[in-house]
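First the structure, in the form of C-alpha cells, and then the observations on it.
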Amino acid sequence: MPGLDDALRGRLLFGGDYNPEQWPEDVLDEDVRLMREAGVNLATVGVFSWATLEPRPGAREFGWLDRVMDALDAAGIGVCLATPTASPPPWLGARHPETLPRDEHGGVVWYGSRNHFCASSAAYREHAARITTDLARRYGDHPALRLWHVNNEYGTACWCDETAAHFRRWLRARHHDLAGLNAAWGTAFWSQRYDSWDEILPPRRAQYLGNPTQALDFRRFTSDALLECYQAERDIVAAHSPGVPVTSNQMPLFPGLDGWRWAEEQDVVSVDVYPDPAVDWRDPAGPAHGALVADLTRSQAGGRWLLMEQAASAVNFRPVNVPKPPGVLRQWSLQAVARGADGVCFFQWRASRQGSEKYHSAMLPHAGPASRGFARVRELGADLERLSGLVGTPVADAGIAVLHDWPAWWAGQQPGRPSASVDYRELLSGWHHALWRRNLPTDLARPDADLGRYRMVVAPHLPLLDDAALARLVDFVHGGGTLVCGFFTGVTDADDRVRPGGLAPALRSLLGLATVHEWWPLPDGAALTLDDGTRAGLWSEDVDVADAEVLARYADGELAGGPAVTRARRGAGSAWYLTTLPRPEALAALLARAAEAAGVAPTLPGLPDGVEAVRRGPALFLLNHTTEPVTVLLPSPRTDLLTGRVHQDGITLARRGAAVLTPTK
Ligand code: GLA
C-alpha cells in the first residue's frame with residue numbers, strides 16, 4: 001500500500017490549495033514563479049472544480065487543468081489532485097433534487113454553497129464516480145501527481161427518504177432482526193416498538209426527546225455512509241495510479257466522523273488545523289489545541305501525517321477575525337512538524353477576490369508579493385527546507401495514552417443527561433492540556449486498542465465503554481499499567497444501555513469501588529474544595545470504596561467526607577478514579593503525580609509555563625509560546641537547525657521564538 005513516503009521527495013511538503021479556475025489564465029505563470037520563490041513543493045488542485053470540469057452533464061473541460069498540471073510539473077512542484085465531489089454543480093441538484101441533503105425537519109439543503117450532497121444518494125454517487133473516473137484516467141500517471149485528495153472535509157449528514165432506506169440496511173447488518181433492534185434501542189420505553197423495518201426512520205425532528213440509541217446508531221451510520229463515498233472514489237483513483245497515496249482531509253476533532261475507522265482506510269491521514277472557533281490566536285489554549293490535534297492525527301495515522309490546511313493569518317468564520325501575530329504561523333507550523341507532520345500546507349495559495357472566503361487570509365495575500373504576510377510565508381518555506389533532514393523520522397515514543405472514542409463522544413452529547421454542562425470535547429482537551437503543560441508526551445488511543453506499549457492511560461470522559469474496551473483496561477492495569485479515569489466512565493454499554501449498578505462491574509472492581517450511589521453534578525459556577533486544598537467543579541459523585549485508597553475527600557458541599565480521588569493497587573498496576581474535575585492547575589499536578597509514579601518523565605523537566613518541548617528523530621524542538629523571552633538550560637552543546645548556531649549550555653528563545661536542536665558534532 002502506498003504511504004506518505006511516496007508523496008515526499010526528501011523534503012517536507014509545503015504548499016496549499018490552489019484554485020486557478022478562479023483566475024484568468026495568465027495568473028498561472030506568476031503563481032508558479034512565486035510558488036518557487038516561496039519554496040512551495042505541493043499544490044492541492046481542483047478541490048471545488050466540478051462545475052469547471054463538467055459545466056453541463058457529461059461535458060468535460062480538462063484543458064485548463066492540463067495546463068496547470070504541466071506548468072506545475074515543469075516547475076518541479078508536485079500536485080495533490082482533488083476529486084471535485086465536495087461541491088456538485090447546480091445542474092446536478094436541479095436535475096436530481098434527490099442528491100441534495102435534507103435536514104431533520106425534512107427541509108432541503110440547497111446548492112449555492114458547498115458540501116450539499118446526500119451520501120446515500122445513488123445519483124450523487126454515480127455522478128461522483130463518473131467525474132472521478134475521468135479525472136483519474138486523465139491524470140493517473142501524470143508526472144506531477146504526488147497525492148490524491150478525495151472530496152474535502154466529509155461531514156454532511158442527511159435525513160431524507162433515500163437515507164432512511166440506507167439506514168435500514170445498515171441497521172439490519174448491525175442488529176440482524178427487529179427483535180434485536182428493539183432490544184438494543186430499548187423501544188419498550190415510550191411505546192417506540194417497531195413492527196416493520198419500513199417504519200424505521202433517521203432521527204427526524206420529533207415532539208420531545210428522541211431515542212438516544214437511534215441517534216447513536218445514526219451517528220455511526222452517517223460516518224459509515226460517508227466513508228462508503230470516500231472508499232468508492234479512493235478505489236477509482238487508486239486503480240488508475242498505483243503507488244500514489246490517497247487521503248481525504250479531515251476536520252480536527254470533528255464529531256461527525258469516526259476518525260479511528262476513517263484513518264484505517266487512508267494511505268495518508270491529513271487534517272485541517274484551524275483552532276476551535278472559540279479560540280482566538282492569542283488565547284493561551286491555542287498551542288495546546290494544536291498539540292492535541294497533532295497528537296490525535298499522528299495516533300490515527302500510526303506515525304507521520306500531513307497538515308493539509310491551516311490559515312496563513314486571519315480566518316473569516318469568527319465574529320472578529322484577528323490576524324496571526326508575527327511568530328505564530330511559524331510556531332504552530334513547527335509544532336505540527338515536531339509532532340509528526342511531514343508537511344505543512346494551507347488554505348489557500350492566492351487570496352480569492354470573490355466568494356464567501358474572500359476575507360480569509362492566504363499564502364499570497366491581497367496585498368501581493370511585497371506584503372509582510374508573503375514574507376512570513378517565504379521565511380516559513382526556508383525554515384522547512386532547513387528541517388528536510390527530519391523527513392520520515394518518528395516522534396519520540398509517548399509513555400501516556402489519552403483515550404478518545406467517537407461513540408463515547410456521541411453518547412456524551414445526548415440530551416437528557418445528568419448535566420448538559422459536561423462537554424466531551426472540553427474534558428478531552430482539558431486533560432490533554434494538563435499533560436501538555438507538564439511536557440508529558442502523549443498519544444491518543446481508542447479504548448479498545450492494545451495499550452501495552454504505554455505506562456499510563458488516562459480516560460478523561462468515556463461514559464460509553466464497550467466490553468472489548470473494558471477488557472483492554474483490565475488487562476492494561478493487571479499488566480502493570482497506571483489508569484486514571486475521569487468521572488462517569490463506563491456507565492453504559494455499546495448500545496448506551498446503563499450497566500447494572502450504574503458502572504461496568506469489571507471497572508468497578510478494577511477501581512476498587514463498592515457502590516456509586518448517585519451522580520451529583522454541580523450547578524454552573526459552583527466549586528468544591530477537597531481536603532488536600534484542591535478546588536474542583538462541574539461534577540461530584542457519592543461513592544463508597546471497596547479496597548481503593550482514598551487520596552482526597554470532599555471537604556465541603558453535600559458530599560463532605562466522601563471520597564473524591566481514589567486509587568486501587570492491582571499488582572504492579574494501579575487504577576485511579578476522579579469523581580470530580582479538579583481545576584486546571586490541580587488536574588495538571590495530579591496527572592503529573594500519577595505519571596511520575598508510573599515512571600513517565602516529561603520531555604524536559606522544569607520548563608516555564610507556555611514553553612513546549614518535543615523530541616522528533618534526533619531533534620529537540622523548543623517552542624516558546626509566550627510573549628516574553630525565556631532561557632532553557634541544555635545538558636550538552638546543541639546546534640539549532642533553524643539558525644546553524646551552536647548553543648553551549650543554554651539557549652534564549654525570543655518571544656514566540658523556536659529552536660530545533662540536534663546534538664553538536
Ligand atoms: C476548510 C476548507 C477550506 C476552507 C477553509 C477555511 O478547511 O477545507 O476549503 O473553507 O476551511 O478556513
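The values are calculated or read from the model by the stated rules, or taken from the named source; none is laboratory data. In this text, all values refer to a predicted model and were calculated from it rather than measured experimentally. For neighbour counting, all protein chains shown are included, and Cβ atoms are generated from backbone atoms with ideal geometry for every residue, glycine included. What goes into the accessible areas is simple: the full protein's heavy atoms, side chains included, and nothing from ligands, DNA or RNA. Shrake-Rupley method; radii C 1.70, N 1.55, O 1.52, S 1.80 Å.
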Strands (runs of 3 or more DSSP E) wholly inside the range 379-467 that include at least 1 residues being more than 15 Å from the chain's Cα centre (by Cα): 400-403, 456-459
Candidates Ser429, Ser419, Ser361, filtered to the one that is of a type in the set (S, T, N, Q) and under 19 Å from Phe254 (Cβ atoms): Ser429
Given (1) free of Cβ contacts under 8 Å to residues at least 40 places away in the same chain; (2) over 20 Å from Arg378 (Cα atoms); (3) more than 32 Å from the chain's Cα centre (by Cα), index of the condition Val45 fails: (3)
Failed condition for Pro319, given (1) away from the ligand (no atom under 12 Å from the Cβ); (2) open to solvent by less than 30 Å² (accessible area, probe 1.4 Å); (3) part of a loop (DSSP other than H, G, I, E, B): (2)
Cross-chain or 6+ apart pairs with Cβ under 6 Å, the range 357-374 first and part of a helix (DSSP H, G or I), then away from the ligand (no atom under 13 Å from the Cβ) and at pLDDT 95 or above: Gly373/Pro365; Phe374/Leu364
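Just to be sure I understand, how many residues within the range 181-199 are farther than 17 Å from Trp170 by Cα, in a helix (DSSP H, G or I) and in contact (Cβ under 8 Å) with a residue 40 or more places away in the chain?
The initial filter retains those residues of the range 181-199 that are farther than 17 Å from Trp170 by Cα, namely 186-193, 195.
After this cut, where a residue has to be in a helix (DSSP H, G or I) as well, the list is 189-191.
Checking which are in contact (Cβ under 8 Å) with a residue 40 or more places away in the chain leaves us with none.
Adding up the residues that qualify gives 0.
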Identity of the residue in the range 404-420, without any contact (Cβ under 8 Å) to a residue 60 or more places away in the chain and of a type in the set (A, V, I, L, M), that ends up most open to solvent (accessible area, probe 1.4 Å): Ala420
Qualifying residues in the range 344-389 (those that are open to solvent by less than 50 Å² (accessible area, probe 1.4 Å), away from the ligand (no atom under 16 Å from the Cβ) and in contact with a Ser or Thr (Cβ under 9 Å, 6 or more places away or on another chain)) - the one farthest from Gly599 (Cα to Cα): Leu380
Residue count, the range 620-661 (criterion: assigned to a strand (DSSP E or B) and either of a type outside the set (S, T, N, Q) or in contact with a Gly (Cβ under 8 Å, 6 or more places away or on another chain) (or both)): 20
Inter-residue pairs, beta-carbon under 6 Å, first within 16 Å of the ligand (Cβ to nearest atom) and in the range 1-24, second assigned to a strand (DSSP E or B) and of a type in the set (Phe, Trp, Tyr), 6+ apart: Gly16/Phe346
Identity of the residue in the range 208-254, in the same structural domain as Val150 (by TED's automatic domain parsing) and within 16 Å of the ligand (Cβ to nearest atom), that ends up surrounded by the fewest Cβ atoms within 10 Å (Cβ to Cβ): Phe254
The lone exception for Arg615 - which of (1) under 20 Å from Val402 (Cβ atoms); (2) in the same structural domain as Met456 (by TED's automatic domain parsing) it fails: (2)
Given (1) open to solvent by less than 10 Å² (accessible area, probe 1.4 Å); (2) assigned to a loop (DSSP other than H, G, I, E, B); (3) closer than 30 Å to Ala74 by Cβ, index of the condition Pro202 fails: (3)
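Every residue, every condition in (1) acidic (Asp, Glu); (2) within 24 Å of Arg304 (Cα to Cα), yes or no:
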site	(1), (2)
Phe189	no, no
Arg205	no, no
Arg220	no, no
Glu228	yes, no
Val246	no, yes
Asp258	yes, yes
Val271	no, yes
Set Arg174, Arg146, Arg125: member being surrounded by fewer than 19 Cβ atoms within 10 Å (Cβ to Cβ) and among the basic types (Lys, Arg): Arg174
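From the list Leu507, Leu522, which residue is over 19 Å from Leu465 (Cα atoms), of a type in the set (A, V, I, L, M, F, W, C) and outside any strand (DSSP E or B)?
Checking each option against the conditions leaves just Leu522.
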Residues (open to solvent by 30 Å² or more (accessible area, probe 1.4 Å) and part of a loop (DSSP other than H, G, I, E, B)) located in the range 323-343: Pro323, Pro326
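Quickly run through the range 288-308 and pick out the residues that are open to solvent by 10 Å² or more (accessible area, probe 1.4 Å) and farther than 21 Å from Arg261 by Cα. First the steps, then the outcome.
First, pick out the residues of the range 288-308 that are open to solvent by 10 Å² or more (accessible area, probe 1.4 Å): 289-290, 298-304.
Passing the criteria: His289, Gly290.
This table checks each residue for (1) open to solvent by 10 Å² or more (accessible area, probe 1.4 Å); (2) touching a residue at least 40 places away in the same chain (Cβ under 8 Å); (3) more than 17 Å from Leu427 (Cβ to Cβ).
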residue: Glu549; (1), (2), (3): yes, no, yes
residue: Ala552; (1), (2), (3): no, no, yes
residue: Gly573; (1), (2), (3): no, yes, yes
residue: Trp576; (1), (2), (3): no, yes, no
residue: Thr580; (1), (2), (3): no, yes, no
residue: Leu587; (1), (2), (3): no, yes, no
residue: Gly599; (1), (2), (3): yes, yes, yes
Residue among Ala471, Ala514, Ala459, Ala504 that alone is touching an Asp or Glu at 6+ places or on another chain (Cβ under 6 Å) and in contact (Cβ under 8 Å) with a residue 12 or more places away in the chain: Ala514
All strands (runs of 3 or more DSSP E) inside the range 1-91 with 1 or more residues being assigned by TED's automatic domain parsing to the domain that holds Leu145 and surrounded by fewer than 22 Cβ atoms within 10 Å (Cβ to Cβ): none
